[in-house]
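Notes for the one structure printed next.
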Amino acid sequence: MTPAWVEVLIRLAQFGFGLVLFGLPAFALYRRRGWDAAQRGGGALRAALMASATGLLVVAAAAALALTVNMYGTLADALDVEALWSVLTGLQVGMALGVRLGLTTVFLLIVLVMSESTSQRSTLLVVGGLIVASFAWSGHGAATEGTWALVHLASDVFHLLAASIWIGALLVLIASLARASAPRDAAMALDDLKTFSALGTVAVLVIVVTGLINSAVLVGWDRVGQMATHPYGQILLAKIALFAAMLGLAAAHRFILVPRLESQHLAPGAALSRLKVSVGIETILGFMVLLAVAAMGRMSPMAAG
């Protein structure tokens, strides 16, 4: 059997790499600036997509091996092509992994072969969205039965897509703020911050609504009061607290730090330094949210009994 902590780390890595593949193209399309080499920082964004796609291929392959080990008992069995194929075609989670591997390969080829354009970004957005959606078939969303099955699955997909937009935007903000040492670069960073504020508002609304739906199914309204005494509920509460902290930082960016930066006429100063620290903390909190999600994926939800 694969150790539980190894499975959690593999799930965490898949989430991290996968969400970038939708979040970055979504942000690039929304801000209408792209990432071609003629623009400063464009090469870094393209490199981030290539690195994330490559990373996802590696960890998804590791997940397939781990799943096969759990089914057949040893690593030697997992390396058997027939055993691996039976897992990828015979189990729902295995089929989701197979689809993810195929889509990620297509994504990487698009980045390498297609020239930077609106068509390329749109294609990457679609393929990246399908990659992120595939995670819903690897978790509790696809295991729900009965009346709420389809609603829960759809809610899980939109929850993942909205979270991906937030994570992708944070990565862009980190890159923008890191090079904002001159007025022109500070202006670009400010533009990205304003874009994130608008796009992030929609993402937050989707995350909250879908989060409530998912919690209603996985926890049950009648068991909300028991969350603090149940392992799944405890991690869910921690996830909610982390998300609330991220939301508080995002609000501080929009209503306090960004106006201060504008009042300084885009000159680097205290407001910019605080933004860098705040966005960095928000990104760390986002990583911790993904860790909580990875851990929860291996646990029985409260509604299961």
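Using the Karplus equation 6.51 cos²θ - 1.76 cosθ + 1.60 (θ = phi - 60°), what ³J(HN,Hα) coupling, rounded to whole Hz, does each residue of segment 210-222 give in order, writing x for Gly and Pro?
For segment 210-222, the Karplus-derived couplings read 5, x, 5, 5, 4, 5, 4, 7, 7, 9, x, 4, 6 Hz, x marking Gly and Pro.
For segment 57-62, what does the Karplus curve 6.51 cos²θ - 1.76 cosθ + 1.60, with θ = phi - 60°, yield as ³J(HN,Hα) per residue in whole Hz, taken in order and with x for Gly and Pro?
Calculated HN-Hα couplings, in order: 4, 5, 6, 5, 5, 5 Hz.
Once amide H atoms are built 1.01 Å from N in the peptide plane, which residues 5 or more positions from Thr2, or in another chain, come under 5 Å H to H?
Correct list: Asn70.
Any idea how far the Cα center of segment 269-288 sits from the one of segment 76-135, in Å?
If you average the Cα positions of each part, the centres end up 32 Å apart.
Taking each pair of different alpha-carbon atoms in segment 63-120 once, compute 1/r for the pair, average those values, and report the inverse of that mean as the Kirkwood hydrodynamic radius in Å to one decimal.
Here the Kirkwood hydrodynamic radius works out to 12.7 Å.
If the convex hull of the alpha-carbon atoms of segment 159-305 is projected onto planes in all directions, what is the mean projected area in square nanometres? Working shown, then result.
Details: hull surface 34.7 nm².
Averaged projected area of segment 159-305's Cα convex hull equals 8.7 nm².
What does the convex hull of the Cα atoms come to per residue for the chain, in Å³? Mind showing how you got there, number by number?
Numbers: hull volume 40.5 nm³, N = 305.
Cα-based convex hull of the chain, divided per residue, equals 133 Å³.
For the pair Ala245 and Ser122, how long in nm is the line joining their label points, each one 7 Å along Cα→Cβ?
Roughly 4.1 nm, to one decimal.
Between Glu145 and Gln226, what is 0.36 nm times their sequence separation minus the Cα-Cα distance? Round to one decimal in nm. Each step should come with its number before you reach the end.
On the way: separation 81, 0.36 × 81 = 29.16 nm, distance 2.30 nm.
Stretched out fully, the Glu145 to Gln226 stretch lengthens by 26.9 nm.
Listed highest first by mean packing, meaning other Cβ atoms within 10 Å per residue, what order do 62-69, 82-89 come in? Mind dumping the intermediate values first?
Numbers: 62-69: 21.0, 82-89: 15.6.
So the order, starting with the most tightly packed, is 62-69, 82-89.
I need the semi-axes of the equivalent ellipsoid of segment 1-138: take the C-alpha gyration tensor, multiply each eigenvalue by 5, square-root it, list largest first in whole angstrom. Mind showing how you got there, number by number?
On the way: eigenvalues 203, 35, 29 Å².
Semi-axis lengths for segment 1-138 are 32, 13, 12 Å.
Anyone know which of Gly102, Gly129, Gly90 comes out most mobile in the 10 Å Cα GNM of the chain?
The residue with the greatest mean-square fluctuation here is Gly90.
To the nearest 0.05, how large is the calculated FRET efficiency for Leu75 and Gln234 if R₀ is 25 Å and r is the Cβ-Cβ distance?
Numbers: r = 33 Å, r/R0 = 1.32.
With a Förster radius of 25 Å, E is 0.15.
Where in segment 138-162 does the label zone of Leu29 land, with the point 7 angstrom along Cα→C-beta and an amide N cut-off under 18 Å?
Answer for segment 138-162: 157-162.
So if each residue of separation counts as 0.36 nm, and I subtract the Cα-Cα distance between Ala178 and Ala51, what length gain in nm does that give? Each step should come with its number before you reach the end.
Values: separation 127, 0.36 × 127 = 45.72 nm, distance 1.94 nm.
So the chain would gain 43.8 nm between Ala178 and Ala51.
Per residue of segment 238-247, what does 6.51 cos²θ - 1.76 cosθ + 1.60 with θ = phi - 60° give for ³J(HN,Hα)? Whole Hz please, x for Gly and Pro, Karplus curve as stated.
5, 4, 4, 5, 5, 5, 4, 5, 4, 5
Using modelled backbone amide H atoms (1.01 Å from N, in-plane), which distant-in-sequence or interchain residues come within less than 5 Å of Asp80's amide H?
Residues meeting the amide H criterion: none.
At a 10 angstrom cut-off on C-beta neighbours, averaged per residue, how do the peptides 2-8, 13-19, 25-31, 216-222 rank from highest to lowest? Before the final figure, lay out each step's value.
Values: 2-8: 13.9, 13-19: 23.6, 25-31: 21.3, 216-222: 16.1.
Put in order of decreasing packing, that is 13-19, 25-31, 216-222, 2-8.
I'd like to compare 44-52, 139-147: which one has the highest average count of other Cβ atoms within 10 Å, and what's the full order after that?
Details: 44-52: 17.6, 139-147: 15.3.
Result, highest mean Cβ count within 10 Å first: 44-52, 139-147.
No lab work stands behind these numbers, since they all come straight from the coordinates. As the structure is a computational prediction, the values presented were derived from the model and not from experiment. Don't worry about glycine lacking a Cβ; one is built from the backbone with ideal geometry, like all the others, and counts go over all protein chains shown.
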